[in-house]
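Following: one structure in structure tokens, then a few remarks.
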Amino acid sequence: MDSFQTISNEDYNNQLDQWEKSLRLELKLEDLNGKTTKKLPEGVTWPILSTECEAHFVPSAIKWKKAAQTYMTYPENVDSWIQDDVLAGVKVFFFESRKLTSGIWEKIKKSLGQTPDLNVFILGHFDPGPCYFSVVSEKNMITGRQVHEEGGHNVMELAFMTKELTLRASTSQSIDLALFIDSSFFQNIAKIRACRLLANKVLGELGLKKEVKVIALTSFREWTLFERYSNMLRNDVAIASAYIAGADYVQSSGYQSLFEIELDLNDSEHAERSRRMARNTSHILGLESMLGTVDDAASGSYHIESLTNFYAEEAWKLMQKMLTDGDDFLKSQCETLRTSRLDSFRKRKHILSGINDFADVKETLSFEKKPKTLFFRLARDFEELRLNVNQLKSKPKVYVALLGDLAVLNDRLNFVKNYFEVLGLQVITPLQSQFEIEDLSNRKEEVIVFCAKDEDYPRFSLAGISNKELFVAGKVKFPGVQNIFSGQDIYQILLDLAARLGAK
């Protein structure tokens, strides 16, 4: 039984031969007549710089001259959009099946025409029927979607996929492995590389020789409704890591995709721009940056090689357990993992900018219906809480009662500001230092936060303050006032506050 290290070394040596040959041709150190070197008088050989060598590309580079595009919803003019994409050089299309009907599919097929080098992937359950171009539906892919969307980690997803591969490899005409990638750059690279190692090991153990294609799909677990433009950055990182890891096909999703999935929203302001940005991202990273011209650019990196080997070995162990004991135990493990991730997120040990920290209080969203819960997503609880607050007729405000030097208290002041802006509340902060106790009895804001050095808090007085939500920035105990500080469950604090303010 070959070890993962043996398989990895064999792949690495094959790539070294390919890279060396390609480099020599690219630098014109070899010509077409076999005259590669000349002998100098001292007996030293020196390469001949040939002018006869033809232009050369790395053999695998051709497949990267394909831009990916994703369609979640299908407007009336979807056929014209697709024709524009084809003219712009798009060769890979992903279609979400939730809104895909037979009538729409006929329009799509007609728009794609009889171009044989197109690759089309349908995510979900939809029968595409016969086509002139290559089309793969998700039922024919081997994927760990079930584990991923329940909150499982990379090893769980790889193990589930490997188990399915062992059961289906002998009967499958083609091996299409679909992985979910997020904004974790190095983990994505190791995950895709481990996927290939696992596939090679399974096929080797079964005595099969089949071509394996790795498809990198968008993970929406870290995508957000608020700060939607941040989704472009998450998509960029995912695509770049998939290219570098050597995925065969990479899904590029528009920043508006989450709205289209969870709200069935086809926003005219964002729909076309979102689609175009997804297309351009794939073009720039794949063609201009040429990230995919090397099959496995991460080979030789100690960190990535070590992480790849760890993923492969742990997934193999877990896969064997699943084959003997079944995979029902994964459900409880995913639930435990979700709880742990949410706890870390609510305590802001894990940050999603614009959601549980650094929120843009000026951004407002309102929907007629609640977003669908189709899969585990970190930001969902915070988003729903903020949407509930947005529905209040009069949105509450927060006032920061400062006592002390503004420069000294700046960090604590920014902490308070970011804390309550997560709820979408406007935070009114002083513009200068305050060394005298302010009369707060006439303040109209619904929430008041005391901000000072720990030793100065006893100077504040609650006299005359009524019907206010009161907080202290720090851990100093103040009678009848709630403390806010780093490391606490910010979601629970804000949830209770929102309920008291009337948001349900």
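Worth pointing out:
- Selection status of ILE355, touching a residue at least 24 places away in the same chain (Cβ under 8 Å) and either exposed (fewer than 14 other Cβ atoms within 10 Å of the Cβ) or not assigned by TED's automatic domain parsing to the domain that holds ILE493 (or both): yes
- Residue in the stretch 377-388 that is surrounded by 13 or more Cβ atoms within 10 Å (Cβ to Cβ) and polar (S, T, N, Q) present: yes
- Considering LEU406, LEU440, the condition of being farther than 19 Å from PHE358 by Cα, crowded, with 19+ Cβ neighbours inside 10 Å, in the same structural domain as ILE490 (by TED's automatic domain parsing) and not aromatic (Phe, Trp, Tyr) is satisfied by LEU440 alone.
- From the list VAL416, VAL398, VAL422, VAL472, the one residue that fits, being in contact with a helix residue (DSSP H, G or I) (Cβ under 6 Å, 6 or more places away or on another chain) and in contact (Cβ under 8 Å) with a residue 12 or more places away in the chain, is VAL398.
- Residue in the stretch 484-501 that is touching an Asp or Glu at 6+ places or on another chain (Cβ under 7 Å), charged (D, E, K, R) and farther than 15 Å from TYR419 by Cβ present: yes
- With respect to (1) touching a Ser or Thr at 6+ places or on another chain (Cβ under 8 Å); (2) free of Cβ contacts under 8 Å to residues at least 24 places away in the same chain; (3) of a type in the set (D, E, K, R), the lone exception for LYS213 is condition (2).
- The number of residues in the stretch 259-273 being assigned to a helix (DSSP H, G or I), of a type outside the set (Asp, Glu) and surrounded by fewer than 24 Cβ atoms within 10 Å (Cβ to Cβ) comes to 3.
- Those residues of the stretch 271-288 which are touching a residue at least 24 places away in the same chain (Cβ under 8 Å) and either aliphatic (A, V, I, L, M) or over 21 Å from SER97 (Cα atoms) (or both), in sequence order: ALA271, MET277, ALA278, THR281, SER282, HIS283, LEU285, GLY286, LEU287
- Members of the stretch 415-457 that are outside any helix (DSSP H, G or I), of a type in the set (Asp, Glu) and within 23 Å of LYS362 (Cα to Cα): GLU445, GLU446
- Summed over the stretch 283-339, the residues that are of a type in the set (Asp, Glu) and either on the phi > 0 side of the Ramachandran plot or outside any loop (DSSP other than H, G, I, E, B) (or both) give a count of 6.
- Members of the stretch 86-125 found to be buried (at least 19 other Cβ atoms within 10 Å of the Cβ), charged (D, E, K, R) and touching a Ser or Thr at 6+ places or on another chain (Cβ under 9 Å), listed by number: LYS91, GLU96
The values are calculated or read from the model by the stated rules, or taken from the named source; none is laboratory data. If you're wondering where the values come from, they're calculated on a predicted model, not measured in any experiment. Ideal geometry is used to build each Cβ from the backbone, glycine not excepted, and the neighbour counts take in all protein chains shown.
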